[in-house]
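The values are calculated or read from the model by the stated rules, or taken from the named source; none is laboratory data. In this text, all values refer to a predicted model and were calculated from it rather than measured experimentally. All Cβ positions, glycine included, derive from the backbone under ideal geometry; neighbour counts span all protein chains shown. For accessibility, only protein heavy atoms count, side chains too; no ligands or nucleic acids. Shrake-Rupley method; radii C 1.70, N 1.55, O 1.52, S 1.80 Å.
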Amino acid sequence: MTDNLTGEHLRPGRIEVICGSMFSGKTEELIRRMRRAEFARQNVEIFKPAIDTRYSEADVVSHDHHAIRSTPIDSSAQILLMATGIDVVGIDEAQFFDDGLPAVCNQLANRGTRVIVAGLDMDYKGVPFGPIPALCAIADEVTKVHAICVRCGALAYVSHRTVENDKRVLLGETSEYEPLCRECYQKCMAGEKRPK
């Protein structure tokens, strides 16, 4: 918080985006930042898409099973309704939200709220995913985190789907996805396109 010329407290609003492939630590970083805000005695609220029930119906849970309380919601508009009086808003799995999410985040930041958003920047085909590209464009800070390629050990580029399913949204874990670097992903895609 800062003081203006009349001595009133102003909250500096901002948008922080944490993005990358699966298994890169996005949710872990979101939880870390939210816990620090709680430790600083700020009012915090975390939202996640209601469709994400992989580890818990209500909590945000990282792949290494760290968890923090959250509120599952169906649309980004609900965030505005539930974030009144909140200092720090966290949003996990943002790629699953509707295209209204960037406007919601802007409104929150403009009224002095710190907004921390975590999500996949690309889908399993390497295509920019949901509202994440727009959020990166309006963010005050973007942190790109990387998993390690399971085939060669380089920094991962994309979440490669290992099961046959062409739905864009397929909730999964290590049995459905693997992080691959660009080179290993290209080799893998070339191998899948060969006639069998």
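If R0 is taken as 41 Å, the Cβ-Cβ distance between Q42 and V127 corresponds to a FRET efficiency of 0.70.
Accessible surface computed residue by residue for segment 68-163, with neighbouring protein chains in place and a 1.4 Å probe, gives 41 Å² per residue. Only protein atoms count toward the accessible area here, which uses a 1.4 Å probe; on segment 96-181, the carbon and sulfur part of that area reaches 52 percent.
For K187, a cut-off of 18 angstrom between C-alpha atoms picks up these lysines, skipping any fewer than 8 places away in its own chain: K125, K196. When each of the peptides 154-160, 68-74 is scored by how many other beta carbons lie within 10 Å of its residues on average, the order from highest to lowest is 154-160, 68-74.
Evaluate the charge dipole of segment 105-174 about its Cα centre and quote only its size in Debye, nearest 20, assuming +1 on the Cβ of each Lys and Arg and -1 on the Cβ of each Asp and Glu.
Numbers: 8 positive and 7 negative charges, 9 e Å.
Charge dipole of segment 105-174: 40 debye, to the nearest 20.
Put the Cα centre of segment 118-158 next to the Cα centre of segment 18-55 and the gap is 16 Å.
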